[in-house]
1. With the other protein chains left in place, how much accessible area per residue, in square angstrom, belongs to the range 351-463 at a 1.4 angstrom probe?
2. Assign one of three labels to the range 200-340, namely rounded, prolate or oblate, based on the Cα gyration tensor with a ≥ b ≥ c the square roots of its eigenvalues; rounded applies when a/c is under 1.5, prolate when it is not and a/b is larger than b/c, and oblate otherwise.
3. Using the structure shown, select from 146/253; 215/253; 215/414; 146/317 the pairs with a Cα to Cα distance greater than 31 angstrom.
4. Ignoring ligands, DNA and RNA, what accessible area per residue does the range 289-339 give at 1.4 Å, in Å²?
5. If one computes the Cα centroid of the range 258-323 and of the range 343-405, what distance in Å separates the two points?
6. Picking from 454, 168, 394, whose Cα lies most toward the positive end of the charge dipole for the chain (charges on Cβ: Lys, Arg +1; Asp, Glu -1)?
7. So what J values fall out for the range 509-524 if you push phi through Karplus, 6.51 cos²θ - 1.76 cosθ + 1.60 with θ = phi - 60°, rounded to Hz, Gly and Pro as x?
8. What does the chain give for Rg and for Dmax, in Å, if only its C-alpha atoms count?
Amino acid sequence: MSQQQWWRDAVIYQIYPRSWADANGDGMGDLPGITSRLPYLAELGVDAVWLSPFYTSPQNDAGYDVADYRDVDPRFGTLADADALITRAHELRLRVMVDIVPNHSSSEHVWFREALSAEPGSAARARYIFRDGRGPDGGEPPNNWKSTFGGSAWERITEADGSPGQWYLHLFDVTQPDFDWTNSEVGDEMEQTLRFWMDRGADGFRIDVAHSLIKVDGLPDADAQHEMNVQNTSDLPMWDQPGVHDVYRRWRKVTDSYAVEGEDADRIMCGEAWVTPIEAMARYVRPDELHQTFNFAFLMSPWIAPELKANIDASLKAVEPHSATQTWVLSNHDVIRHASRLGFDPVPGPLQMFGIGVGDPQPDAAAGLRRARAATTVMLALPGSSYLYQGEELGLPEATELLDEARQDPVWEKSGHTVRGRDGCRVPMPWEGDAPSYGFGPTASSWLPQPPVYGDLAVDRQAGVEGSTLELYRTLLRLRRELRPGRGQLTWVDLGESALAFDVSTASGASMRVIANVGGEFLPLPNGAEVLVASGEFDAEKGLPTDTSVWLRV
Ligand code: GLC
């Protein structure tokens, strides 16, 4: 295997296919749209893209409900379009990661349809988690587990003869039945899917809810609700169970079998594992398992210097024993965009990440953007790999005043209209400030309404404009390729309570200093330091103002 291992410091850009670029004008993004816009990403300076699901799906959970893992949904295009996208990306020296959703399929998957029409106890039922109910006539769910989207995690079916039947488990939407991973047919099938996409040229996978596949034997009641902020996720019977690591050991053998001797061509896997504590998350990146797991602890950290520092420190230490690198991220399609999240004091906790609407407290947009730029400037200097979420390079805020009628995330309905859901971070990209749908597509159509501020933040309004967020990202990414702090070693520098400061070694062996002023008074810059990039304006005399970060040559 090559010693280079491109993924160790790669910057990977998440494309949410519904919302990036719409070639056919139906208001929904598509693969030809993505292909046409790829040069923008090459110019931005990222190494790879990760595409959220574009497979055949009824779209009850925006494509995370997959009906056919090896075909493209007609809304997004065809398999030929996927091939063309991968080919074009490779021409532009961009790698392509696709999403794999192994915990559950759509209820429209052929296996689930077969399961419904088959008998209890049949081989077709055994691919999912069907159980008899409790109580008289089996009318109560088999256990007390809750769906992440609200309500029970169990749904009762009607048997083929019309009688009230068994129940099936769905940790997410009712149309997302959980597979039974103790059934070897499930693992074999998923391996075929991995091979299918690697054979078509995919460079890796992002693994959806990577920590959920294995449940405790006997499916016992859970002591607490399975919130994502529990101390030890593995105390709950549906998350982070030891057996899940066997799945990834098997997958690693498969991805490794695609490596080419002497070429930096590893096919990689990045797990979405909302696991605590951080040491438990690090177990997913042992050398014979996944290459990366998103570091959600960093994403959830408040904008407070000592907390950020403790968090980064613990994250780096946690992966050290496994010779792994960290994987940083600040935004994705499930959380409030960081330009808005950081506009709250204090930053909202994990559950409040599920949406903001009219009537809710609104973020301070200016503070949010300033802190987001400062936070990204820190993130892109940290050792390891980083993921960017489409539109963050424009400083896009969350759409926090989306009308509830427009909401499409199942969370809103399933929670009985108590949790607004994730639509606010999924609003289509603005490319041209003056075009219909801000250039998202050739028509005015957009599956979620775009707030007017998106027009002002469109790509064409920022490209070439000094000080714009887009130009900040371009500069950070250019310097990052040159200096390679992602491959460096970090040493903390103490500049007081409201500063986050560290030295990181660069490709030449020299150190670069990174300083973030996190909510403090002006912070003097070291004498004679050369500012390589700054997230905002600074004062040559007084130094770095609040919520601003710099990379310095000292
Ligand atoms: C992951 C996805 C999220 C989806 C869920 C169920 O958390 O990121 O969007 O709703 O899994 O598949």
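The values are calculated or read from the model by the stated rules, or taken from the named source; none is laboratory data. Small disclaimer: the values here were computed from a predicted structure and weren't measured. For neighbour counting, all protein chains shown are included, and Cβ atoms are generated from backbone atoms with ideal geometry for every residue, glycine included. Just so you know, the surface numbers come from the protein's heavy atoms only, side chains and all, with ligands and any DNA or RNA stripped out. Shrake-Rupley method; radii C 1.70, N 1.55, O 1.52, S 1.80 Å.
1. Numbers: 3900 Å² over 113 residues.
Accessible area per residue, the range 351-463: 34 Å².
2. Numbers: a/c = 1.77, a/b = 1.17, b/c = 1.52.
The shape class here is oblate.
3. Details: 146/253 34 Å; 215/253 23 Å; 215/414 23 Å; 146/317 34 Å.
The answer is 146/253; 146/317.
4. Details: 1360 Å² over 51 residues.
With all protein chains present, the range 289-339 gives 27 Å² per residue.
5. One Cα centre to the other: 21 Å.
6. 394
7. x, 6, 9, 10, 9, 10, 10, 10, 8, 9, x, x, 6, 3, 10, x
8. For the chain, the Cα-based Rg and Dmax read 23.3, 82 Å.
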